[in-house]
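The values are calculated or read from the model by the stated rules, or taken from the named source; none is laboratory data. Remember, predicted model here, so these are calculated numbers, not experimental data. Note: ideal-geometry Cβ built from the backbone for every residue, glycine included; neighbour counts use all protein chains shown. Areas reflect the complete protein model, heavy atoms only, side chains present, ligands, DNA and RNA absent. Shrake-Rupley method; radii C 1.70, N 1.55, O 1.52, S 1.80 Å.
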Amino acid sequence: VRRLYIAAGLAPPSPSRIVFAPSPFVTRFAAGFAAWIWYRRRHPATRAATNADTNAATNAATNAATNAATFDATRAATDAATRAATDAATDAATRTATFDATDAATRAATRAATDAATRAATRAATDAATRAATFDATRTATFDATRAATDAATDAATRDATNAATNAATFDATDAATRAATRTATFDATRAAMDAATHAAMDYSNWWVMPGGIPTTAAADLGIG
């Protein structure tokens, strides 16, 4: 305070005149009382009244300061107690909430992990079973289809080979029979034609047989009588 007066270029008051008030509210009242007290001291005729007023003002200021200090101390103690109680309640509530949240999160994470693992295991087992069943069904179907196709191809090849062999044998037999029949018929027809032509070309009425069995024409033709 003295340095503030000195910095302002004023004579600082004595240390006994420097009073620290607990709050601006008290300072305002104390300043008013102090101004009144100093005013009464400058007028000696009213000193007695000033003393009475000073005592009253001092008591009032003291009571106000005491009340303010008590209020501040009570408020500080109340704030401390309230803060402690609040901190304790907050810590308890935080611990409870943290525990509940941790437990809920743990349960949720465990459930999610369990569900994921269950789904993965189920999917793997299903895929394995599906592949095995598909492989067996495919192998069976392939075997059946291969056997059916083989049987069909064998039947077709056998039928074609049989038809070819039958046709070839039939053709050969028919050709041989035709050739034989043709030769026989040709021979018979040729011989019949030759016989017919020979009979037609000869006159058997003029033929006679010599004693030796040689056929000849009339004696005149042979030059004998």
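Screening Phe99 on (1) surrounded by 11 or more Cβ atoms within 10 Å (Cβ to Cβ); (2) modelled with pLDDT of 80 or more shows it passes everything except condition (1). Do the conditions hold for Ala11, that is, is it at pLDDT 90 or above, open to solvent by 80 Å² or more (accessible area, probe 1.4 Å) and not hydroxyl-bearing (Ser, Thr, Tyr)? So Ala11 fits the description; yes. Residue count for the range 19-40 under the criterion of being open to solvent by less than 50 Å² (accessible area, probe 1.4 Å) and under 15 Å from Ala61 (Cα atoms): the result is 7.
Taking the listed residues Ala69, Ala45, Ala64, Ala108, the one that is exposed (fewer than 11 other Cβ atoms within 10 Å of the Cβ), at pLDDT 80 or above and either among the hydrophobic types (A, V, I, L, M, F, W, C) or closer than 22 Å to Pro24 by Cβ (or both) is Ala108, with no other qualifying. So, Leu4, is that one without any contact (Cβ under 8 Å) to a residue 60 or more places away in the chain, loosely packed, with under 13 Cβ neighbours inside 10 Å and not in a helix (DSSP H, G or I) or not? Considered against the rule, which asks whether it is without any contact (Cβ under 8 Å) to a residue 60 or more places away in the chain, loosely packed, with under 13 Cβ neighbours inside 10 Å and not in a helix (DSSP H, G or I), Leu4 comes out as no.
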